[in-house]
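For reference, the structure discussed in these notes is given below.
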Amino acid sequence: MKKGVLLVNLGSPDSTNPKDVRKYLEEFLMDPRVIDLPKWARTLLVKGIILNTRPKKSAEAYQKIWWKEGSPLIVISKKLQEKVQEKTTVPVGLAMRYGSMSLEKGLETLHQQGVNQVLVIPLYPQFAMATTETIQVKLLEIQKNKFPTMELTFLPAFYNDEEYIDVLSQSIAASIQDKKVEHLLFSYHGVPERHIRKSDVTKGHCALDEVCCKTPSEAHRFCYRHQCLETTRLVAEKLQLPKGSYSTSFQSRLGFDPWLQPYTDRTIERFGKMGIKSMAIVTPAFVSDCLETLEEIAMEGKEIFLEMGGTEFITVPCLNDSDAFASLLSKWIEHWQIKDLKTAIA
């Protein structure tokens, strides 16, 4: 058996042209694990409403953050892949859930190198229907139809991994050191509340209140809300942040259904109105800077804060292609190789 690794991120339009953005949004929003409505309702919403208005607005947003080399998320992901490849002996591929760097192309590249045992690393610390689960489902479908002899192993959510928390905490500390930050906001990508209930394997634990995420349960293995709150708690503990000096919020909501709260934009606005002059914000649901971090947070969020009377708005970069993160990924890959070897010997 020849082993290989596939890093998987979200994806990006091929360019800032509204046509490319529309194509990307259609694939993304028509995923039943992103907008989990009946197909007829999803089609009506996405193709009948969203795709008639959103591509132009999104294209303008992408234009604000686009790099000369291309999409920031794609460029950063490729650099991360290269660093991880330098640190391990097995082939390391890269694919995106949506867009032209497809999952099928990613598996095909590994297949051409003789790989038939793949460790899939979804580049999401927390589990969610719209991220980790859709990657697993799609890859298993491709594997069954195109690469039936290939074995896939999926790295589980690593939101509470001690070494990951160390790397994330060190990154935050480096960004806010020597700065008089009054409040640190942990902003995670939002999801509809119904996604949390749908992912509840106990079919009854998740109440979306202050108790359920703190009460031990099997549901936490797949509870995005719990995993976000736990990431915040562990980092705050690691950095010894005083109670009241940090909080958690959720960004990027879409539509009118209830999404996880509190909302990031309203939280930033409230901080400004409260008289907070200096705040920092970190986005631990993302490992790569992208539209949601570079435009929605670093630009729009800052504008809101300054308009409300704030004076200093610090954005903590994602882990991106940092040496520490690349080293951690390569360490997990090494452990996977050793674990499988021991299992085979036993």
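Between T88, T109, the distinction of being in contact with a helix residue (DSSP H, G or I) (Cβ under 7 Å, 6 or more places away or on another chain) and among the β-branched types (V, I, T) belongs to T88 only. The condition of being in contact with a Cys (Cβ under 8 Å, 6 or more places away or on another chain) and not assigned by TED's automatic domain parsing to the domain that holds K339 holds for only one of S171, S199, that being S199.
Of all residues being under 19 Å from the mean Cα position of the chain (by Cα), not in a helix (DSSP H, G or I) and not aliphatic (A, V, I, L, M) in region 1-29, which is surrounded by the most Cβ atoms within 10 Å (Cβ to Cβ)? Just the residue, please. Out of the qualifying residues, it is N9.
For first residues located in region 125-148 and surrounded by 14 or more Cβ atoms within 10 Å (Cβ to Cβ), partners that are among the β-branched types (V, I, T) and part of a helix (DSSP H, G or I) and lie 6+ apart or on another chain with Cβ distances below 7 Å form the pairs P125/T231; Q126/T231. F250 meets the conditions (1) out of contact with any Cys (no Cβ under 9 Å at 6 or more places or on another chain); (2) modelled with pLDDT of 95 or more in every case but one. The failed one is (1). Anything in region 32-65 that is in contact with a helix residue (DSSP H, G or I) (Cβ under 8 Å, 6 or more places away or on another chain) and assigned to a loop (DSSP other than H, G, I, E, B)? List them, or say none. Listed by number, the residues that qualify are P32, R33, V34, I35, D36, L37. Summed over region 157-190, the residues that are modelled with pLDDT under 95 and assigned to a strand (DSSP E or B) give a count of 0. Of all residues in region 149-193 being touching a residue at least 60 places away in the same chain (Cβ under 8 Å) and of a type in the set (V, I, T), which is surrounded by the most Cβ atoms within 10 Å (Cβ to Cβ)? For region 149-193, the residue satisfying everything is V191.
The values are calculated or read from the model by the stated rules, or taken from the named source; none is laboratory data. Keep in mind the model is a prediction, meaning the values are calculated, not measured. When we count neighbours, we look across all protein chains shown, and the Cβ atoms used for this are built from the backbone with ideal geometry, even at glycine.
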